[in-house]
1. So how exposed is Thr28, as accessible area in Å² (1.4 Å probe, rounded to 10)?
2. Just round it to a whole percent: the fraction of Cα-Cα distances in the chain exceeding 27 Å.
3. Cβ under 10 Å from Ile110's Cβ, Ile110 left aside: what net charge do those residues give with Lys, Arg +1 and Asp, Glu -1?
4. Within the range 43-128, what percent of beta bridges assigned by DSSP are antiparallel, to the nearest 5?
5. Can you tell me the Rg and the Dmax, both Å, for the Cα atoms in the range 22-90?
6. Rounded to the nearest 0.05, what FRET efficiency do Gln96 and Asn120 give with R0 = 22 Å and r taken as the Cβ-Cβ distance? Could you check?
Amino acid sequence: MVAGAFAYYNYKFSEYRFFDFDAHTFYTDKDIFVPDAPKYTVLVYSSNMQNRKEVAQKLKKNNPILAIDLYQKRFKGEDSMIAITSGMNTLLKFIQRFNIYEVPCAFEIIRYKGTRYKQNSPVETIEL
């Protein structure tokens, strides 16, 4: 029984991924992004294919939205939407870390320690 509980705990703990914003640099309009909220909704989309405002309307807005544009077209953040971008190598690591296969998609992250965040929900593809 104890071994089963331990195996289940290890499975659930490893099911979601961690990401450290200190180790991977993202940029806002002109500055380096430093996360300060305890929880974010991460939106991954391509401005070449989707309109960010239409996609953001389909999300629950109870926490700030980190909008990551794979097309890397920069825009100023709005109300609860923070536009971040990075170099292609960092974006590829981010996509691989969270197993993103389709865009637009979204998932939630919560602060684990400092600038290290843990995925708190499955990656969900957003239907337009």
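The values are calculated or read from the model by the stated rules, or taken from the named source; none is laboratory data. If you're wondering where the values come from, they're calculated on a predicted model, not measured in any experiment. Glycine also receives a Cβ, built like all others from the backbone with ideal geometry; neighbour counts cover every protein chain displayed. Heads up: the accessible areas ignore ligands, DNA and RNA and are worked out on the full protein's heavy atoms, side chains in. Shrake-Rupley method; radii C 1.70, N 1.55, O 1.52, S 1.80 Å.
1. 30 Å²
2. Values: 1386 of 8128 pairs.
Considering the chain, 17 percent of its Cα-Cα pairs are separated by more than 27 Å.
3. +2
4. 55 percent
5. 11.5, 31
6. Working: r = 19 Å, r/R0 = 0.86.
About 0.70, to the nearest 0.05.
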